[in-house]
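Read through the structure below, which is laid out as structure tokens, and then see the notes.
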Amino acid sequence: MAEPYGHAMTTRASMTDLQGATALLTGATGGLGPAVARALASNGVRLAISGRREDVLVDLAAELRAAGAHDPAPVPADLCDPRTAETLIERAEAAVGPLDILVHNAAVDACAAFERLTAEELEAVVAVNLVAPLELTRRAVGGMLERGRGHVVFVSSLSGFAGTAFQAPYAATKGALNALSRSLRAEYADRPIGCSLVAPGSVAGQGIFARGQADGIQVPRALRLTSADAVGRAVVEAIETDAPEILVYPGPIKPTLVLSAVAPRLFERLNERLGLATLFRPAAEARGRV
């Protein structure tokens, strides 16, 4: 793989052959979801695909089936509703069998100046981006432990490492996923469960950044865009190699993240100079949220 950067360490939690494995993918109906679904299905994974829009799930399942996927199953769910999260694992396993893989891709954002956010927006971002992964993982790992096989992938964001102005709740929840993945890796280090973090940068044509571009975001010269397909490949690689984390960015991004940790003031100045500090401000302004 050309784009993702990360350290991969094969352990007994690795799944070097995904053929016939079962998986639940959340957030399958938008953004990165279809690309992740295609990557998993092309490697022989039997998928339960979940999202809010049942019609889009049905269309995606038909596309995957036409490409040779093994009977993908739409499992609609609105993760803003905690009652839905309580039953999603059970419904997914009823559709495709006991889960070997759980991929947390569902995410929402609220692009606004922080003081202009509503309580309802904060609750929705936290519910989908953080509470749902916590609850779904809690409900899935017991069965994985009993069967001696399992892997959980958290699709995070580089925002979770460096922060993003006008996207503070989104960045905060992604940072929490980073900590959650590392905590679970430590807790299950001697058990047959793997946990991986896949953190993309800005993705061309899909997701939050693409919506921001529609509202006036300009791509700074210093910013390189990745692709949804690269994220899909990274998810597969993370599972196959039990990678602690894979940063999906078309270039050496880790030195920049190290700078943010060891010299945060210098990192802030660099971001301001490159036009990255307020990247999402035009989108927030276009939505009347500044």
query: Could you state the number of Å between the C-alpha centres of the stretch 217-290 and the stretch 104-136?
result: 19 Å
- prompt: In square nanometres, what is one fourth of the surface area of the convex hull spanned by the alpha carbons of the stretch 70-149?
  reply: 6.1 nm²
query: So, in Å, what gap is there between the alpha-carbon centers of the stretch 146-201 and the stretch 21-43?
result: 17 Å
- line: So Arg138 and Arg224, fully extended at 0.36 nm per residue minus their Cα-Cα distance, gain in nm 27.4 nm
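Full extension from Glu187 to Ala66: what is 0.36 nm times the residue separation minus their Cα-Cα distance, to one decimal in nm? Mind showing how you got there, number by number?
On the way: separation 121, 0.36 × 121 = 43.56 nm, distance 4.01 nm.
Once the chain is fully extended between Glu187 and Ala66, it gains 39.6 nm.
Given 0.36 nm per residue, what is the gain on full extension from Ala263 to Thr84 after removing their alpha carbon distance, in nm? Walk me through the intermediate numbers first.
Numbers: separation 179, 0.36 × 179 = 64.44 nm, distance 4.26 nm.
Using 0.36 nm per residue and subtracting the Cα-Cα distance, I get 60.2 nm.
In debye to the nearest 20, how big a dipole does the stretch 132-226 give about its Cα centre with +1 on each Lys and Arg Cβ and -1 on each Asp and Glu Cβ?
I would put it at about 140 debye.
Quick one: order Glu268, Glu240 by neighbouring beta-carbon count within 10 Å, fewest to most. Kindly include the intermediate steps, with their values, before the conclusion.
Values: Glu268 13, Glu240 19.
Least to most surrounded, the residues fall as Glu268, Glu240.
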- request: For the chain, find the longest principal axis of its Cα atoms and tell me its angle to the long axis of helix 168-187, 0 to 90°, nearest 10.
  value: 40 degrees
- request: Name the most mobile residue of Val258, Val231, Val103, meaning the one with the largest mean-square fluctuation, in a Gaussian network model of the chain with Cα contacts below 10 Å.
  value: Val258
query: Under a GNM of the chain (C-alpha, springs under 10 Å), which listed residue has the highest mean-square fluctuation: Arg65, Arg38, Arg273?
result: Arg273
query: Expressed as an acute angle from 0 to 90° and rounded to the nearest 10, what is the orientation of the C-alpha long axis of helix 228-241 relative to the principal long axis of the chain?
result: 50 degrees
task: Answer with a single label: of (i) 31.4, 91; (ii) 18.3, 57; (iii) 18.3, 52, which was calculated as Rg and Dmax of the Cα atoms in Å from the structure in view?
output: (iii)
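Readers should treat all values here as calculations from the given coordinates under stated rules, not as data from a laboratory. This is a predicted model, so every value here is computed, not measured. Cβ sites come from the backbone with ideal geometry, for glycine too, and all protein chains shown count toward neighbours.
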